[in-house]
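Right, one structure below, let's go through it.
The values are calculated or read from the model by the stated rules, or taken from the named source; none is laboratory data. Treat the numbers as computed from the prediction; the structure is a model and nothing was measured. Methodologically, a virtual Cβ is constructed for each residue, glycine included, from the backbone with ideal geometry; neighbour enumeration extends over all protein chains shown. Remember, those area values only see protein heavy atoms, side chains included, never the ligands or the DNA or RNA. Shrake-Rupley method; radii C 1.70, N 1.55, O 1.52, S 1.80 Å.
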Amino acid sequence: MSKQTFARLPGFRDFLPEDLAFREHILGAWRRVSALYGFQEYDGPPLELLDLYVEKSGEEIVGQLYHFQDKGDRKVALRPEMTPSLARILGERHRSMPKPIRWFSVPQLFRYERQQKGRLREHFQWNVDVIGEEGVGADVEVIAVALDGLRDLGLGHDDVYARVSDRRLLTAVLLAIGVEKERLPAAFVVIDKMERAPPDHSLDRLQAEVGLDEGRARSTLELLNQSGRGGLDGVKGEFGELEAVAVELERMEEYFGSLEAMGFASYVEFDLRIVRGLAYYTGIVFEIFDRKGELRSICGGGRYDRLLELVGGDPLPAVGFGMGDVVLGELLRALDLAPSVAPKVDYFIVIIGEEHRKLAQAIAHAQREKGAGVQYSLREQPVRKQFTAAGNAGAREVIVLGPDEVARDCAVLRNMDSGEEREVPLKELQ
Ligand code: HAM
């Protein structure tokens, strides 16, 4: 009979103990920081009705769905993101809950993407959302959690930064430039893609698809390419007199002012080129990148005030983000910020005479009851091999059950680092 072998599916990961420890290191930081901000953890099912995503998530994600018809003829999809599930879960159930609702989740998500650096077909994603608060204070709180999550993992402003825009501001600016209302979606698409496209290509599209003349298309690109304080001042200088723009600028100033008060000024930059591909965003949007610009985005989020209504619930304002473990893991490894994950136990019991195996098992059990980690060889082995196994297990101390010591109701404890030995009565170990 020929032996069949099974390869892992492309874009999926096995988590060997050291990989799982690294994943838990990341998820641990996310959970810790969520708690510091008073967010509560929730989850939903990994499988949802396909329609929950179609027309709500945006073309890119919908094109990447894992979907099929189940045995009850329902069209279902593996969740590619958490936000539509959150909107569905809260739909009407939010009514009995005090607002704002502060929830977080760490789901595994599935997208049939072209596999590339930083993009897999499954990933774990930290989702933090505030629901039921329309004020800019919620936007501030949400990006602050994201940045603190990264700081908890050892990343600083030299390693990561957030690029922030506001779709309402971009809309007001585009209308002021002369873009017709119906052409706004087309303009958003061009701007979303402009960084990855050659400049001439964006210039052509702004004329052909958005209807700007060459001069205006050129000055629009120039304005959009100015980021940071200069970018904000540029918009103010050119369009700040217009009431529609001034209102939006005021909100941006308040947002950046709050982040400065929280100590995040060096982590955030205004940048109108951040649009976000997802269809449901309605206000401030942001993405977090590595400073060197070598990796894809670590995190993305923003305000989505109409999604709950779109999935059949009550209209409720909402803001949140998703941060994946894949790009973040690559960055932490590149910066040597991955923790050491060597195995560890408190004791390894070395059995010298096989007649003392049951004594070893009794000691192991008693120590485990007290919360100490214990291992011993599962079958008769030479002492030298048992000491090697103790080293591999990362034992802090070895308990040696030598015949002479056991005859005197004692055992020898050896510290594996210092080599120091001391005799201990067996009754203290059992
Ligand atoms: P997203 O921009 O699609 O947003 O994903 C957020 C983050 O998840 C990305 O920045 C990236 O780190 C990670 N990510 C996405 N796709 C993959 C992939 N195929 N492989 C590895 N990592 C990936 C959302 O999903 C929104 N639902 C976030 C949100 C929550 N907005 C409001 N609340």
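Listing for the model above:
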item: Residue tally, condition within 13 Å of the ligand (Cβ to nearest atom) and either buried (at least 17 other Cβ atoms within 10 Å of the Cβ) or of a type outside the set (Asp, Glu) (or both), over region 54-70; result: 9
item: Selection within region 240-260 - over 29 Å from the mean Cα position of the chain (by Cα), assigned to a helix (DSSP H, G or I) and either over 15 Å from residue 166 (Cα atoms) or not assigned by TED's automatic domain parsing to the domain that holds residue 175 (or both); result: 243
item: Sole residue being within 30 Å of residue 151 (Cβ to Cβ) and of a type in the set (Asp, Glu), chosen from 314, 305; result: 305
item: Conditions (1) more than 16 Å from the ligand (Cβ to nearest atom); (2) at positive phi; (3) crowded, with 20+ Cβ neighbours inside 10 Å: number failed by residue 276; result: (1)
item: Number of positions in region 146-158 that are farther than 16 Å from residue 28 by Cβ and surrounded by fewer than 20 Cβ atoms within 10 Å (Cβ to Cβ); result: 3
item: Pair list, Cβ under 7 Å, 6 or more apart: region 76-102 residue modelled with pLDDT of 95 or more, other residue open to solvent by less than 10 Å² (accessible area, probe 1.4 Å) and charged (D, E, K, R); result: 86/129
item: Residues that are touching a residue at least 60 places away in the same chain (Cβ under 8 Å) and either outside the structural domain of residue 143 (by TED's automatic domain parsing) or over 14 Å from residue 133 (Cβ atoms) (or both), drawn from region 303-319; result: 307, 310, 311, 312, 313, 314
item: Only listed residue being within 16 Å of the ligand (Cβ to nearest atom) and either crowded, with 18+ Cβ neighbours inside 10 Å or without any contact (Cβ under 8 Å) to a residue 24 or more places away in the chain (or both), chosen from 322, 371; result: 322
item: Spans of strands (runs of 3 or more DSSP E) in region 301-377 with at least 3 residues among the hydrophobic types (A, V, I, L, M, F, W, C) and over 30 Å from residue 160 (Cβ atoms); result: 345-351
item: Residues being of a type in the set (A, V, I, L, M, F, W, C) and either open to solvent by 30 Å² or more (accessible area, probe 1.4 Å) or in contact with a Ser or Thr (Cβ under 6 Å, 6 or more places away or on another chain) (or both) - total across region 120-145; result: 2
item: Extreme residue, surrounded by the fewest Cβ atoms within 10 Å (Cβ to Cβ), among residues of region 304-319 that are at pLDDT 95 or above and more than 8 Å from the ligand (Cβ to nearest atom); result: 305
item: Selection within region 80-116 - among the charged types (D, E, K, R), near the ligand (Cβ under 10 Å from one of its atoms) and out of contact with any strand residue (DSSP E or B) (no Cβ under 7 Å at 6 or more places or on another chain); result: 111, 114
item: Residue among 117, 181 that alone is more than 23 Å from residue 28 (Cα to Cα), modelled with pLDDT of 95 or more and surrounded by fewer than 22 Cβ atoms within 10 Å (Cβ to Cβ); result: 181
item: Check on residue 342, loosely packed, with under 14 Cβ neighbours inside 10 Å, within 30 Å of residue 150 (Cβ to Cβ) and among the small types (Gly, Ala, Ser); result: yes
item: From the options 73, 43, 51, residue that is open to solvent by 50 Å² or more (accessible area, probe 1.4 Å), more than 13 Å from the ligand (Cβ to nearest atom) and part of a helix (DSSP H, G or I); result: 51
item: Candidate set: region 288-300, residues that are outside any strand (DSSP E or B) and either of a type in the set (A, V, I, L, M, F, W, C) or not assigned by TED's automatic domain parsing to the domain that holds residue 127 (or both); chosen: the one nearest to the ligand (Cβ to nearest atom); result: 298
item: Identity of the residue in region 126-156, touching a residue at least 12 places away in the same chain (Cβ under 8 Å) and out of contact with any helix residue (DSSP H, G or I) (no Cβ under 8 Å at 6 or more places or on another chain), that ends up nearest to the ligand (Cβ to nearest atom); result: 142
item: Matching residues, region 34-63, being polar (S, T, N, Q) and modelled with pLDDT under 95; result: 57
item: Residue that is nearest to residue 344 (Cα to Cα), among those in region 374-399 that are open to solvent by less than 30 Å² (accessible area, probe 1.4 Å) and of a type outside the set (A, V, I, L, M); result: 394
item: Total residues in region 226-239, condition more than 36 Å from the chain's Cα centre (by Cα) and hydrophobic (A, V, I, L, M, F, W, C); result: 1
